[in-house]
1. Go ahead and run the numbers for FRET between Arg430 and Asp183, Cβ-Cβ distance against an R0 of 22 Å, rounding to 0.05.
2. Leaving ligands, DNA and RNA out of it, work out the accessible area of Asp399 with a 1.4 Å probe and give it in Å² to the nearest 10.
3. Please give the length that would be gained between Glu720 and Ser154 if that part of the chain were fully extended, namely 0.36 nm times their separation in residues minus their C-alpha to C-alpha distance (nm, one decimal).
4. Taking 60 Å as R0, compute the FRET efficiency from the Cβ-Cβ separation of Ser78 and His134 and round it to 0.05.
5. With the cut-off at 13 Å, report for segment 618-670 the share of all Cα pairs above it, as a whole percent.
6. If the viscosity is 1.567 mPa s and the temperature 4 °C, what translational diffusion coefficient in µm²/s does Stokes-Einstein give for segment 533-645 when Rh comes from Kirkwood over Cα pairs?
7. 7 Å from Cα along Cα→Cβ at both Glu543 and Ala162: what's the point-to-point distance in nm?
8. Stretch Ser124-Lys142 to full length: gain in nm at 0.36 nm per residue minus the Cα-Cα span?
Amino acid sequence: MTFTKHGERLNLMTDIASFDENESDESESSTTESPLELKENLNKPLALTNPIVQKPLQPPPKSALLNKADRSDRSVSSTSDKRVSFEMDFKDRESEIRKEYDDRLKKLKEDLEQQQKRQEAELSANKRQLDAAHTKQMEAAKKELDERLAKQRSTLEANERAQLDQLEKDIANRRQILKDRFDRELNDDKADYESKLAKARREWKEKMSAEEAKLAAEFREITMKERETTKQRLAATTAVVHRAERATSPIQILTVDRATVTDPLALPAPVVSPPSIVSSPLPAKLEPIARAPIANATTQTTMATSQVDALTAKLEAKLQDLTTATSDLQDRMSDLGAQARQIAAEPHGGTRHAASKSNKGPRMCSVKATDYDGPFPHFSAPTEIGRFSLDRNRKVTNDASQLKYLYRAPLEEESVAFDLSHGHKRFDERDPFNQETLDTFLEWITSMADSERQDLKTVTHSAEFISWRGALTKIASTPYENREGWRMACIRYADIIFICEFRTNTKQQQLESASYRQKLMTYWGYKFEQYMTLETADQEKPETDSAVNNFEQFCTVVRSRLGEGPGHRLLFAGETDCIDPSDNAYVELKTQRQFENKSQKNNFYRFKALKWWLQSFLVGIPRIVVGFRDDDGFVRQVRPMRVREIASNSKDHWAGAVCFNFLQSVLSLLKDRLTVNDMNAVYFLEWNPGWQNVGVKPAKKSDTRFHFLPDWFVERFSEETHNEADGRLVASC
Ligand code: A3P
Ligand code: MG
């Protein structure tokens with residue numbers, strides 16, 4: 001029999017078995033447990049053994065049992081005694097063992113229970129700990145989740161708010177655009193209506209003046225006849241009076257032609273009848289005269305004479321007016337006749353070099369581009385000799401205070417959205433009807449002369465021509481122009497020909513009838529300048545919310561020479577938009593409708609590009625920065641354009657050489673025509689669409705509108721010009 005607990009064997013049963021072989025079973029007491037029962041009993045607690053029992057139950061040592069049996073075996077002689085003794089021993093031993101075993105079992109159980117309790121307590125403590133940790137973790141996770149949720153919610157809310165703001169902004173922008181469009185359309189309608197009204201007024205005026213002219217002609221004819229008749233009547237009346245004075249009898253008085261005496265102006269024919277006796281009765285009107293004495297008749301005649309005199313004076317004044325108008329017309333006719341004769345007499349190319357040395361020479365230059373083909377004439381690189389600024393009050397300062405700096409960032413951007421209409425209503429605009437003369441430029445010249453103590457010749461670098469750059473641009477572009485005419489007033493003073501542009505009548509009318517959109521588009525150009533310029537080189541961004549004004553200007557003053565040999569020495573000033581801080585070159589800013597097809601691009605190079613090129617080339621500007629806009633006035637892209645490339649891209653349409661050859665000829669013509677210094681002698685250089693030539697003709701001295709040289713300028717330099725030993729100067733200088 002094996003007693004197994006954790007693999008150990010108890011050989012107690014072997015000993016019992018060996019004993020059984022020698023001893024009978026009968027004496028086995030029913031009250032005591034059999035070895036089998038013992039075995040079972042021993043087994044019982046083991047069956048209860050909990051796996052968590054760490055120390056196995058130890059049975060009594062085997063040697064103790066065996067030694068005792070051995071001893072009894074040897075000391076007891078009789079078998080039964082031995083048996084009894086053995087059994088007693090065995091029982092003692094068994095009960096001892098059992099007791100010990102029970103004790104140990106009990107202890108074991110208690111330990112076990114305690115251990116179980118401890119473990120349970122530990123378990124429940126662990127559980128509590130775990131629960132607490134779990135709760136803590138759960139709370140932390142919940143908190144984190146809540147925080148994340150709150151964060152996400154606030155991000156979402158912020159996004160939503162931003163989207164809403166954007167939406168509101170978009171709506172406001174759209175609303176503004178629509179409003180502007182509506183305003184524009186409304187104003188366009190208004191402008192349309194006004195232009196129609198102006199047209200109707202003009203037509204009516206024209207009709208009225210035609211009527212007036214017709215009436216004046218009729219009146220003139222009638223008055224001429226009347227005058228003749230009156231003279232004859234007067235002569236007849238005088239004769240009658242003389243006769244009456246000489247008459248000796250009242251009968252002779254009565255022989256006077258009655259009708260003549262009564263109302264000489266009312267009678268149809270100056271018939272003086274020979275004195276005769278009138279037998280027929282007198283009409284009632286003539287009764288007083290017929291009966292009056294000679295004195296009465298004389299008084300009547302004197303009154304009639306004074307009436308005739310007054311009328312004659314009136315008629316003469318009217319006649320004088322008509323004669324002046326006729327002579328003006330004749331002047332104009334003779335100009336036109338001369339032009340016609342010129343055209344007939346000379347081949348087209350001839351006029352190009354036609355300016356002769358005397359002012360009796362040709363008065364015009366052909367404008368045909370083919371007459372000016374050929375190499376580019378000499379044009380010395382424009383040299384800046386000064387700069388000046390005009391402030392909001394148009395005060396001239398001899399500095400660059402109004403020079404702006406190019407804002408380069410938009411050039412790097414793929415696309416932009418500059419609203420050029422923004423702030424249109426606040427446009428601080430110079431009066432477009434105000435006629436700009438050379439005044440501010442002349443102020444600069446004067447201030448230079450004052451500050452540098454220089455004479456006019458030195459200040460102007462011995463210039464032969466002084467003008468704004470714009471006048472030269474207009475003249476030079478004429479061979480390719482077919483839409484816009486121009487008129488320049490020219491005065492020679494101190495050996496300088498001053499050229500000043502004056503609006504043509506057509507231009508004036510266009511200005512008066514300009515539509516809202518045209519005015520808005522004019523604003524666009526200035527607004528673009530605001531988007532693209534900085535006040536100082538270190539300003540971060542342009543200030544685009546302030547009102548745009550076109551009073552402030554920065555001008556560069558440039559000298560150059562056109563033509564071979566002495567050529568023409570030019571001094572001109574031009575408004576300059578800004579300077580590029582990256583290379584200190586002046587930059588011209590322009591807006592242009594985006595090109596959507598080839599023909600639009602073609603048109604640009606054909607017409608607009610020439611003006612751009614001339615404007616920049618004349619003052620040596622290398623780059624133009626272009627704002628390409630849409631029809632709503634939004635600049636979508638900003639790109640540079642090289643002035644040199646403009647000329648090469650336009651070679652199918654125009655040639656710069658033609659323009660400069662033509663300019664050279666016109667300046668020669670002016671030099672030939674204006675040979676005398678006379679600040680009161682204004683000449684017009686003029687061209688209008690359809691004209692084959694540019695003509696020079698003197699303006700009427702009485703028309704002071706064109707005497708553009710201000711007194712303060714003339715007075716400032718008159719002294720020095722008089723002092724010059726130049727015989728060509730006239731007293732008026
Ligand atoms: P754009 O040239 O971009 O149209 P400038 O370019 O000569 O410095 O002129 C600046 C702006 O003034 C022009 O911008 C245009 O808006 C306006 N402007 C100049 N000359 C004009 C003219 N003859 N008629 C109408 N607007 C003119
Ligand atoms: Mg410009």
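1. With R0 = 22 Å, the Cβ-Cβ based efficiency is 0.45.
2. It works out to around 60 Å².
3. So the chain would gain 195.6 nm between Glu720 and Ser154.
4. Efficiency at R0 = 60 Å is approximately 0.20.
5. That fraction is 72 percent.
6. It diffuses with D of about 79 µm²/s by this estimate.
7. The answer from the label model is 3.0 nm.
8. Gain in length upon complete extension: 3.9 nm.
The values are calculated or read from the model by the stated rules, or taken from the named source; none is laboratory data. Computed from a predicted structure; not experimentally measured. In this analysis, Cβ positions are derived from the backbone assuming ideal geometry, glycine residues included, and neighbour counts consider all displayed protein chains. Protein only, heavy atoms only, side chains kept; ligands, DNA and RNA dropped before computing areas. Shrake-Rupley method; radii C 1.70, N 1.55, O 1.52, S 1.80 Å.
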